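The values are calculated or read from the model by the stated rules, or taken from the named source; none is laboratory data. Only a predicted model underlies this, so the values are computations on that prediction, with no experimental measurement involved. Every residue, glycine as well, gets a Cβ built from its backbone with ideal geometry; the counts of neighbours run over all protein chains shown.
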Amino acid sequence: MRREGSPFQGVGTVMVKELADNLSSARMLVLELLIVLTALAALYGAINNLKQTTAEDPFLLLRLFTVARAPLPSFVAILGFLIPLMAIGLGFDAVNGEHNRRTLSRVLAQPIYRDALLVGKFLAGLATLAISLTALWLMVIGLGLIFLGVPPGTEEIARSLAFLVIAIFYAGVWLSLAMLLSIVFRSPATAALVALGIWLLLTILWPMLAPAIAQAIAPPDPRYALLGLDSPDTAIWTLTLSRLSPNHLFGEAMLAVLSPSTRALGPVFIDQLRGALMGAPLPLSQSLLICWPQTVSLIAGTIVLFVAGYVVFQRQEVRA
Amino acid sequence: MSDPDSKAAPPATGSVIEARALTKTYGDANVVDAINFDIFRGEVFGLLGPNGAGKTTTILMMLGLTEISSGTVSVLGFNPARQPLQVKRRVGYLPDSVGFYDHLTAAENLAYTAKLMGLRPAERASRIKASLARVRLSEVADKRVGTFSRGMRQRLGLAEIIVKQAEVAILDEPTSGLDPQATLEFLGLIEELKKEGVTVLLSSHALDQVQRICDRVALFQAGHIVLMGPVTDLARQVLGAGFVVEVEADGAGLARRLATIPGVTNVEALAADRFRMTADRDVRPDAAYAVVGANGSLRKLSVDEPSLEAIYSRYFQNQTDNGGKRDAA
């Protein structure tokens with residue numbers, strides 16, 4: 001049975017309203033402050049490091065993102081950890097909040113489809129994240145200009161833009177997940193707890209669990225162990241399992257984009273590197289090729305999770 | 001935004017909503033079981049019945065907010081399952097215990113839904129202003145809805161329907177939880193809508209209110225419409241007659257005299273000088289005449305309007321007396 005009329009009627013209206021709500025909410029302010037302050041601390045460490053060491057580094061700006069000084073992790077690592085928190089904060093009560101406020105049936109009684117509400121909310125969340133991340137990106141470039149005094153080159157800007165795009169899709173995965181949970185669970189508290197649980201699992205526990213599971217699936221070969229090497233099977237399994245976590249995908253993609261000398265993201269045999277000039281930077285296009293699978297995975301994750309939420313939402317009863 | 005009203009509704013035949021064998025099934029249970037009804041233009045139609053009888057589900061099916069399991073319903077000539085936007089553009093809905101965005105003001109809340117309706121900015125502002133005035137919320141238009149009482153929220157919900165200039169207003173339990181003053185005010189607003197020619201469909205438990213404003217009612221029970229029609233007709237159907245007249249008077253053979261009045265179906269002696277007559281019309285003048293004719297002195301003569309409450313309780317009482325044979329249906 002076909003429905004008449006456009007499913008996107010009202011998307012713009014919903015998006016503008018939700019964007020305004022997001023940007024003015026206290027919740028968002030707190031999350032932004034948290035990210036900006038930790039990011040500033042990381043950048044401060046990186047800038048101090050860079051001032052002392054490499055004045056002749058051709059990718060000074062990119063180092064700002066990746067250099068870490070103990071005890072703080074690098075700017076990118078902090079983002080990989082905190083972007084999910086921000087996305088979850090935006091999405092965990094997107095739909096069940098409307099249910100609980102009893103606004104859902106009233107809004108859906110207007111001449112729009114449910115699609116418009118869900119798509120509008122998702123786009124508003126993504127736009128909020130994009131605005132925040134772009135602001136952070138500008139902040140990094142600005143601080144780099146002020147404290148390092150070296151204007152960034154075209155390639156550095158291009159690479160940092162790639163960082164921005166990948167970071168937005170990384171946020172998109174978590175936003176989709178949070179919205180899916182907000183559709184499945186009627187209580188926002190449950191949805192938030194489940195989302196945070198998944199976040200902790202994937203960012204903190206999974207990096208520890210993946211090698212353990214890999215060793216159970218493909219036990220390490222004692223011959224390699226004798227030589228102090230990882231067994232290839234175990235290493236591949238570890239990597240495959242790790243890549244189930246969007247956090248890992250984001251980290252790999254960042255490595256490829258922000259460290260131009262990265263040649264491969266998985267285990268390689270020595271003979272595959274024959275003829276390679278180790279440490280020499282790759283051109284941008286090659287770096288993008290390396291991180292392309294990770295980027296596509298993040299985009300696919302965003303879409304798959306959103307579609308799952310969409311399907312559940314379409315079949316859900318409106319009445320409270 | 002382009003206007004997608006390419007297909008106009010078929011010419012009005014008088015009925016704005018037609019349901020035929022409308023059914024909603026959850027699992028094995030028929031929540032709404034093959035109901036038929038017509039709602040005519042400009043009338044106030046009441047849906048009555050206990051909780052869980054299928055009233056809200058019926059309403060949601062009319063708006064295309066829940067899937068129809070089988071049967072059809074047409075609203076203003078449109079099929080809500082296929083053309084929900086056309087239906088929702090013309091039908092206003094006030095859900096059971098309506099909610100608003102508490103951090104927005106009354107006017108902002110209306111502006112959001114008015115935008116969703118696709119109204120132009122200038123039109124939007126004037127309609128919102130007018131509708132807030134209609135429901136007497138003008139002075140709190142710029143206050144946050146979070147501070148509103150329940151009665152004010154209900155009126156704001158009605159303002160939304162007025163902004164939409166809906167042809168049909170569907171109100172689900174609009175007066176539940178309101179204090180008597182707020183209830184009266186709200187019923188007055190519904191009557192104003194009716195005067196403007198808006199067809200009103202409301203569901204309620206508050207029988208006396210429904211009786212006051214509804215032209216016709218449908219009584220729901222376990223997914224069926226068990227009774228439908230004007231209240232007086234239902235009274236005749238269920239109570240046996242439309243009017244109950246009580247006479248307090250003395251006089252020789254008064255009971256016999258009263259029983260011979262045309263239209264009286266039953267005379268019950270409550271006491272030596274008190275009689276209750278059931279009749280299909282208002283027989284008070286005849287009763288007074290009979291008392292005078294019997295040389296009696298008339299002390300009290302009163303008529304009970306057929307009350308929906310009596311119909312309702314009598315109906316469900318009959319149901320249990322009959323051993324609930326409808327349960328098998």
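In segment A:95-125, which residues are more than 30 Å from B:VAL75 (Cβ to Cβ) and either within 14 Å of chain B (Cβ to nearest Cβ) or among the β-branched types (Val, Ile, Thr) (or both)? Full working, then the answer.
So in segment A:95-125, the residues more than 30 Å from B:VAL75 (Cβ to Cβ) come out as A:122-125.
Correct list: A:ALA124 only.
For (1) surrounded by fewer than 15 Cβ atoms within 10 Å (Cβ to Cβ); (2) in a helix (DSSP H, G or I), each residue gets a yes or a no:
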residue	(1), (2)
B:GLU185	no, yes
B:LEU189	no, yes
B:LYS194	no, yes
B:VAL200	no, no
B:ASP208	yes, yes
B:LEU219	no, no
B:MET228	no, no
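Each row is one residue, and each column tells you yes or no for (1) at pLDDT 90 or above; (2) over 30 Å from A:ARG319 (Cβ atoms).
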residue: A:LEU43; (1), (2): no, yes
residue: A:ILE47; (1), (2): no, yes
residue: A:LEU85; (1), (2): yes, yes
residue: A:ALA116; (1), (2): yes, no
*asked:* What's the total number of residues in segment A:267-310 that are loosely packed, with under 12 Cβ neighbours inside 10 Å and either within 14 Å of another protein chain (Cβ to nearest Cβ) or not in a helix (DSSP H, G or I) (or both)?
replied: 9
_Number of the condition not met by A:PRO220 [criteria: (1) at pLDDT 90 or above; (2) in contact with an Asp or Glu (Cβ under 8 Å, 6 or more places away or on another chain)]_ = (1)
_Being more than 14 Å from chain B (Cβ to nearest Cβ) and within 25 Å of A:PHE185 (Cβ to Cβ) is true for just one of A:VAL76, A:VAL30, A:VAL67, A:VAL11. Which residue is that?_
A:VAL30
*Here is a list of conditions, (1) in a loop (DSSP other than H, G, I, E, B); (2) away from chain A (no Cβ under 11 Å); (3) at positive phi, and B:ASN51 meets all of them except one; can you say which number that is?*
(3)
_Qualifying positions in segment B:166-180 - in contact (Cβ under 8 Å) with a residue 24 or more places away in the chain and not in a loop (DSSP other than H, G, I, E, B)_ = B:VAL168, B:ALA169, B:ILE170, B:LEU171, B:ASP172
*asked:* I'd like the residue in segment A:46-68 that is within 23 Å of the chain's Cα centre (by Cα) and of a type in the set (Gly, Ala, Ser) and, out of all such residues, is surrounded by the most Cβ atoms within 10 Å (Cβ to Cβ).
replied: A:ALA46
*Complete set of residues in segment A:156-205 that are farther than 28 Å from A:LEU138 by Cβ and charged (D, E, K, R)*: A:ARG186
*Filter the helices (runs of 4 or more DSSP H) completely within segment B:70-153 down to those with at least 2 residues that are at the interface with chain A (Cβ under 8 Å from one of its Cβ atoms).*
B:84-90, B:106-117
